[in-house]
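Undergrad: Below you will find the structure I want to go over with you.
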Amino acid sequence: MSENPNHALPSYLHPENLGPWGVYLEQVERVTPYLGKLAKWVETLKRPKRALIVDVPVELDNGTIAHFEGYRVQHNTSRGPGKGGVRFHQDVTLSEVMALSAWMSVKAAAVNLPFGGAKGGIRLDPHNYSHAELERITRRYTSEIGFIIGPNKDIPAPDVNTNAQTMAWMMDTYSMNEGATATGVVTGKPISLGGSLGRVEATGRGVFVIGCEAARDAGIPIEGARVVIQGFGNVGGTAARLFHEAGAKVIAVQDHTGALHNAHGLDVPALLAHAAETGGIAGGAHAEPISQADFWALETELLIPAALESQIHAGNADSIRAKVVIEGANGPTTPEADDILTAKGTLIVPDVLANAGGVTVSYFEWVQDFSSFFWTESEINHRLEGIMRAAYAAVASVAVEHKVSQRTAAFITACTRILEAREVRGLYP
Ligand SMILES: NC(=O)c1ccc[n+]([C@@H]2O[C@H](COP(=O)([O-])OP(=O)(O)OC[C@H]3O[C@@H](n4cnc5c(N)ncnc54)[C@H](O)[C@@H]3O)[C@@H](O)[C@H]2O)c1
């Protein structure tokens, strides 16, 4: 390994097994030619500012002691405190948390929020632990990372397998250690602890707002537009409801229980009620079950992946006949599928822009906690729409200016903002 101090690869990563961090580095390489003089600072983006690995020892309910690996990575704080979720998953690695923290830097800058990027995680399958064990794990983890988080330093939030209860434990632990109640240390809290109205549906609402903007650019009226959605949970379910209410026809949805189709439009409110009652869409009325392959091949104006990563891949991208893809999930499109769809002329609105509604209302939660003054839900939705529309317009105009995809344009916009802040702040000391 080179000893060149400008070498992009930190020695704590294995060069032959870079994991998700390698994908992120490739994305940075792709935008570097568009950064002009700011490219001088690009190495900043290729190294997380701070990566903390902690041991989380906990007594289990059966009296034995278990140790878990915990992480908190602050990728960049040039534009403000770190912001990003905490994931509980058995596959969490340093590389994954690094990449997710970097994507948070890009997302916050793409929508112009005054945050840097951060992410945390504990390597465990939470389904194997009791409520009381998870509380002890969360509290010890929070204590271990406590000296680098804080309302002005780095503000965690829920992510995969963590929720409002996890945030309440984190907020309480941090507050106990500080000796003062600090609601602004985390977002995604219960409303009773300073959580924000509108947070639960913010990501789906953002997907809807961005979807309307992209449809307008593609010359598609929302009234009567066909919409296909993968994932019928928080993001996909909310987006489905809002498109349905706006007069679009949600013709198919897919979740982990199957896929349903109705060419005249599904009864979205009834299907939401059915999914809430039964845990999935399977068996929903007034719709035909269809295969996975048929689902992806449906002719539609809008396609919204809102489930898992890598769902649109080299194996199904060819069959996709959507005019616009709005990425509600994080990383739903593989780079190969991205190239296939772009070559076909499909407009893809990238995740860092399309699903930024959640972090935007997290920002509102943080602001409300600071001022201890809480806004109405309609104020929150109105402000969310304003930020999402402005972000879409900025990215779309960069895409036109440089003749690049919206994904590259979002990275150009975000990386330029981050590196401008880096440059004007200068290096300390
Ligand atoms: N919730 C947020 O605020 C937020 C913010 C930004 C990004 N996201 C991303 O959006 C995506 C969805 O998150 P969510 O909060 O809606 O989660 P969720 O758990 O509420 O819903 C997930 C949905 O995906 C479906 N699903 C799971 N496995 C599937 C499979 N194999 N095939 C088809 N469908 C499957 C589930 O049935 C469910 O309908 C994730 O990628 C998440 O990272 C969420």
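Undergrad: For segment 21-71, rounded, prolate or oblate, judged on the Cα gyration tensor with a ≥ b ≥ c (square roots of eigenvalues), a/c < 1.5 rounded, else prolate if a/b > b/c?
TA: Prolate, since a/c reaches 1.5 and a/b exceeds b/c.
Undergrad: Between residue 423 and residue 402, what length comes free when the chain is fully extended (0.36 nm per residue of separation minus the Cα-Cα distance, one decimal in nm)?
TA: Computed gain between residue 423 and residue 402 is 5.3 nm.
Undergrad: For 348, 290, what's the fewest-to-most ordering of other Cβ within 10 Å of each Cβ?
TA: With the sparsest Cβ surroundings first, the list reads 290, 348.
Undergrad: Using the Karplus curve 6.51 cos²θ - 1.76 cosθ + 1.60 with θ = phi - 60°, work out ³J(HN,Hα) for each residue of segment 345-355 in order, rounded to whole Hz, and write x for Gly and Pro.
TA: Result, rounded to whole Hz: x, 6, 7, 10, 8, x, 3, 4, 9, 5, 9.
Undergrad: Rg and Dmax in Å for the chain, alpha carbons only: what are they?
TA: For the chain, the Cα radius of gyration and maximum Cα-Cα distance read 21.4, 66 Å.
Undergrad: Does segment 161-207 come out rounded, prolate or oblate, given a ≥ b ≥ c as the square roots of the eigenvalues of its C-alpha gyration tensor, rounded meaning a/c under 1.5 and, failing that, prolate meaning a/b above b/c?
TA: It is prolate, given that a/c is not under 1.5 and a/b is the larger ratio.
Undergrad: For residue 250, enumerate residues with amide H under 5 Å from its amide H, sequence gap 5+ or separate chain, H modeled in the peptide plane.
TA: Long-range HN contacts for residue 250: 227, 266.
Undergrad: Of all alpha-carbon pairs in segment 202-349, indicate the percentage at a distance above 28 angstrom.
TA: 9 percent
Undergrad: Cβ under 10 Å from residue 86's Cβ, residue 86 left aside: what net charge do those residues give with Lys, Arg +1 and Asp, Glu -1?
TA: Around residue 86, the surrounding residues sum to +2.
Undergrad: So how strong a dipole does the chain carry about its Cα centre when Lys and Arg Cβ are +1 and Asp and Glu Cβ are -1, to the nearest 20 debye?
TA: Using only the charged Cβ atoms, the result is roughly 1320 debye.
Undergrad: Right, another one. Just to be sure I understand: with springs between alpha-carbon atoms less than 10 Å apart, which residue in 94, 13, 303 has the highest mean-square fluctuation in the Gaussian network model of the chain?
TA: Looking only at 94, 13, 303, the largest GNM fluctuation is found for 13.
Undergrad: At 222 nm, what helix-only mean residue ellipticity would the chain give, in deg cm²/dmol to the nearest 500, using -39500 (n - 2.57) for each DSSP H run of four or more?
TA: Mean residue ellipticity, 222 nm, calculated: -13000 deg cm²/dmol.
Undergrad: Given the chain, what percent of its DSSP beta bridges are antiparallel, to the nearest 5?
TA: Counting DSSP beta bridges with both partners in the chain, the antiparallel share is about 50 percent.
Undergrad: Considering amide H positions built from the backbone, and no H for Pro or chain starts, which residues 5 or more places from residue 325, or on another chain, come under 5 Å of its amide H?
TA: For residue 325, whose amide H was placed from the backbone, the distant partners under 5 Å are 303, 347, 348, 349.
Undergrad: Cut-off 18 Å, label point 7 angstrom out along Cα-to-Cβ of residue 309: give me the residues of segment 110-132 whose amide nitrogen falls inside.
TA: Under cut-off, by backbone N: 117-126.
Undergrad: Starting from the Cα of residue 60, step 7 Å toward the Cβ, then list every residue of segment 121-163 with an amide N under 20 Å from that point.
TA: 122-141
Undergrad: Moving on. Which of rounded, prolate or oblate describes segment 20-181 when judged by the alpha-carbon gyration tensor and an a/c cut-off of 1.5?
TA: prolate
Undergrad: Going by how many other Cβ atoms sit within 10 Å of their own, how do 119, 344 line up, fewest first?
TA: Going from sparsest to densest Cβ surroundings: 344, 119.
Undergrad: For an R0 of 22 angstrom, estimate the FRET efficiency from the Cβ-Cβ distance between residue 378 and residue 270 and round to the nearest 0.05.
TA: Using R0 = 22 Å, I get an efficiency of 0.25.
Undergrad: Please rank 369, 338, fewest neighbouring Cβ atoms within 10 Å first, as an exposure proxy.
TA: 338, 369
Undergrad: Still on this structure, please answer the following. Nearest 5 percent is fine: what portion of the DSSP beta bridges confined to segment 202-349 is antiparallel?
TA: Of all bridge pairs located within segment 202-349, approximately 30 percent are antiparallel.
Undergrad: Compute the separation of the alpha-carbon centres of segment 267-329 and segment 337-408 and state it in Å as a whole number.
TA: Going from one Cα centre to the other spans 22 Å.
Undergrad: Between residue 339 and residue 316, what is the label-to-label distance in nm when each label sits 7 Å out along the Cα-to-Cβ direction?
TA: Inter-label distance under the simple model: 2.1 nm.
Undergrad: What is the gain in length, in nm to one decimal, between residue 40 and residue 152 on full extension, counting 0.36 nm per residue of separation less the C-alpha to C-alpha distance?
TA: Contour length minus the Cα-Cα distance gives 37.5 nm.
Undergrad: Search the structure for amide H atoms under 5 Å from the amide H of residue 83, placed 1.01 Å from N in the peptide plane, and list their residues when 5 or more places away or on another chain.
TA: Here 116, 117, 118, 155 satisfy the definition.
None of the figures in this text is laboratory data; all of them are computed from the coordinates on show. Nothing here was measured: the structure is a model prediction, and the numbers come from that model. Every residue, glycine as well, gets a Cβ built from its backbone with ideal geometry; the counts of neighbours run over all protein chains shown.
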